[in-house]
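**Q** Got a structure for you, questions after.
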Amino acid sequence: MRPLLPSLLLLSIGMLLSEAAAAQTRCKSPSPECVAVGEWDISVSLGAGGRTNPIRGNSDIPLIVIPQISYYGERFFLDSLELGFTLHENDTHTFNLVATPGYDRVFFFSNDLQNLFVRGAGGLVLTGELIEGSDDVRAVPVPRRHTTYLVGPEWIFRYGRLIGQLDGLYEATGRHHGHEVRAAVATPIIASKDSLVMSLGLTFKSAELVRYYYGIEGLYEPGSALNPFLKLGYSRPVSERVGFNAFVHYEFLDDSVSDSPLVSSSGVATVFAGWVFKIL
């Protein structure tokens, strides 16, 4: 059996999000924090929440239904939209190869798989009033942002009460050829029947990645970005198949992102509270 990291390390929606990361060191004995090797784990969260949308003119993203599907074999694993293969593991360190979708597209298109069950905004144009020094109102079409996948090595480690994760990812679908580094640590504040976990992290996005999503050719050419985030997550099991989860997550946007004419805020807030039902 294998333990699962708190869903606070990454927002899957996966936020999303998250945003969830899994540690693959084997459990010494069965426990509620473990999933059996070779078995599917399917659950769905029903509740209320939302994510603010930093893209100018696009509405915020409601979070009502968040599915979670995972499978852990001896080496291969699936965690919602993330695929992975374990290269080496022991009680404190796990080394994986992972493939995960690019996150930024969720703000542009409602049909992105990371926005399942979420209403999205329509097409996006810019007007002249958004362009410094311009008095003319003129439309600037924004090129389509395609689905991208990032691949690369992942290191998960445990040190005392801390659980850490470091991913070095390269865009492999040929859209922008950028790279991304994700780093996060999580620690329990309360660890009993009720669980309260705090996560801190940083995401580095290369200039190629930032330009693909937030740049405008001939108008705005951003550089690389470093986005820190903070997350608090609470959970309480009610029965073997039902539990209550709630989290709040805030990501600070680097100036390279927030200075874009496409962007109207300096951060992204995500909140959710609801019941989790285990299906399988």
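The values are calculated or read from the model by the stated rules, or taken from the named source; none is laboratory data. In this text the structure is predicted, and so the values were computed from the model without any measurement. Neighbour counts run over all protein chains shown; Cβ positions are idealised from the backbone, glycine included. Protein only, heavy atoms only, side chains kept; ligands, DNA and RNA dropped before computing areas. Shrake-Rupley method; radii C 1.70, N 1.55, O 1.52, S 1.80 Å.
**Q** What is the packing order of peptides 174-180, 156-162, 78-84, taking the mean over residues of other C-beta atoms within 10 Å and listing the highest first? List each step's numbers first, then the result.
**A** Details: 174-180: 17.1, 156-162: 13.4, 78-84: 19.6.
By packing density, highest mean first, the sequence is 78-84, 174-180, 156-162.
**Q** Further question: Suppose accessible area is computed on protein heavy atoms with a 1.4 Å probe; arrange ASP41, ASP91 from highest to lowest. Walk me through the intermediate numbers first.
**A** Values: ASP41 30, ASP91 90 Å².
Ranked from most to least accessible, the order is ASP91, ASP41.
**Q** Working out 0.36 nm times the residue gap between PHE157 and ILE69, then minus their Cα-Cα distance, what length gain in nm do you get to one decimal? It would help to have the intermediate numbers written out before the result.
**A** Numbers: separation 88, 0.36 × 88 = 31.68 nm, distance 2.31 nm.
In short, 29.4 nm is gained.
**Q** Calculate the spin-label point distance for VAL185 paired with LEU200, positioning each point 7 Å from the Cα along the beta-carbon direction, and give it in nanometres.
**A** Label-label distance for LEU200 and VAL185, simple model: 0.7 nm.
**Q** If I take R0 = 25 Å and measure r between the Cβ atoms of LEU219 and ALA172 in this structure, what FRET efficiency does the formula 1/(1 + (r/R0)^6) give, to the nearest 0.05?
**A** Details: r = 28 Å, r/R0 = 1.14.
Efficiency at R0 = 25 Å is approximately 0.30.
**Q** When Lys and Arg each count +1 and Asp and Glu each count -1, what net charge do the other residues less than 14 Å away from SER258, Cβ to Cβ, add up to? Provide the component values of the computation, followed by the final result.
**A** Numbers: positive: ARG56, LYS205; negative: ASP104, GLU251, ASP254, ASP255, ASP259.
Here the charged neighbours net out to -3.
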